[in-house]
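Q: Before anything else, here's the structure in question.
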Amino acid sequence: MAKRVNNEPLRAMAERMFVEEGMTAKSIAATLDITEQTVGRWRKGIQNDISWDDKRTQFLSTPHNIKKILMNELNHLSKGGEATIDVKAIADVNKVISTLSDKVSLQIAYTVFKETDNWIAQQDPEAAIQTSEWHKLFLLHKAQSEIS
């Protein structure tokens, strides 16, 4: 019976090379001394995993990578080059993303705290006084951090 080889470390390396470093299947195959067909099979995704192409798209659209792209564009422009990307479109998309972020707006926090404080006041007026003070401090902190 033939010994089964564990290709997982090699497959993981190939995936990183494709997704994070942008290498082609051909260059990965040559670098790792495997066939392009093997890379192609892995690239499609195994079992319930998404394809490497989808992973690459997700990787490239992370805030860190978008910042890197913008910094490269700034460097290119500072050397007298013509714009190669639509910075306004990126700014518009970033604005939409920030409105969908995990942070809660000051207005929503205020509304929730007000409703919570009213409920606590009905249950335990003494506790409501203490809680509402903490809520005011938090709202002031949040307002200051949004200004900065």
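Q: Look through I90, I129 and report the one residue that is in a helix (DSSP H, G or I) and either over 30 Å from G22 (Cα atoms) or of a type in the set (G, A, S) (or both).
A: Residue meeting the stated conditions: I129.
Q: Which ranges mark the helices (runs of 4 or more DSSP H) fully within segment 1-81 that have 3 or more residues being closer than 30 Å to N94 by Cα, under 23 Å from the mean Cα position of the chain (by Cα) and not β-branched (V, I, T)?
A: 8-19, 52-60, 63-78
Q: With the condition kept exactly as written, say whether any residue in segment 127-137 is closer than 28 Å to T62 by Cα and either small (G, A, S) or under 35 Å from the mean Cα position of the chain (by Cα) (or both).
A: No; the residues of segment 127-137 include none that is closer than 28 Å to T62 by Cα and either small (G, A, S) or under 35 Å from the mean Cα position of the chain (by Cα) (or both).
Q: Still on this model: Please work out if I97 is part of a helix (DSSP H, G or I) and modelled with pLDDT of 90 or more.
A: It is false that I97 is part of a helix (DSSP H, G or I) and modelled with pLDDT of 90 or more.
Q: Are there any pairs, at least 6 apart or on different chains, whose C-beta atoms fall under 6 Å, with the first in segment 71-94 and closer than 20 Å to S61 by Cα and the second assigned to a helix (DSSP H, G or I) and among the acidic types (D, E), and if so, which?
A: Close Cβ pairs (under 6 Å, with a partner that is assigned to a helix (DSSP H, G or I) and among the acidic types (D, E)) amount to I85/E73.
Q: Here's another thing I want to ask about it. Would you say T84 is of a type in the set (S, T, Y), under 24 Å from the mean Cα position of the chain (by Cα) and within 24 Å of G22 (Cα to Cα)?
A: yes
Q: Can you report the number of residues in segment 39-49 which are at pLDDT 80 or above and over 18 Å from E21 (Cβ atoms)?
A: Qualifying residue count, segment 39-49: 4.
The values are calculated or read from the model by the stated rules, or taken from the named source; none is laboratory data. Worth saying up front: this structure is predicted, and the values here are computed from it rather than measured. Neighbour counts run over all protein chains shown; Cβ positions are idealised from the backbone, glycine included.
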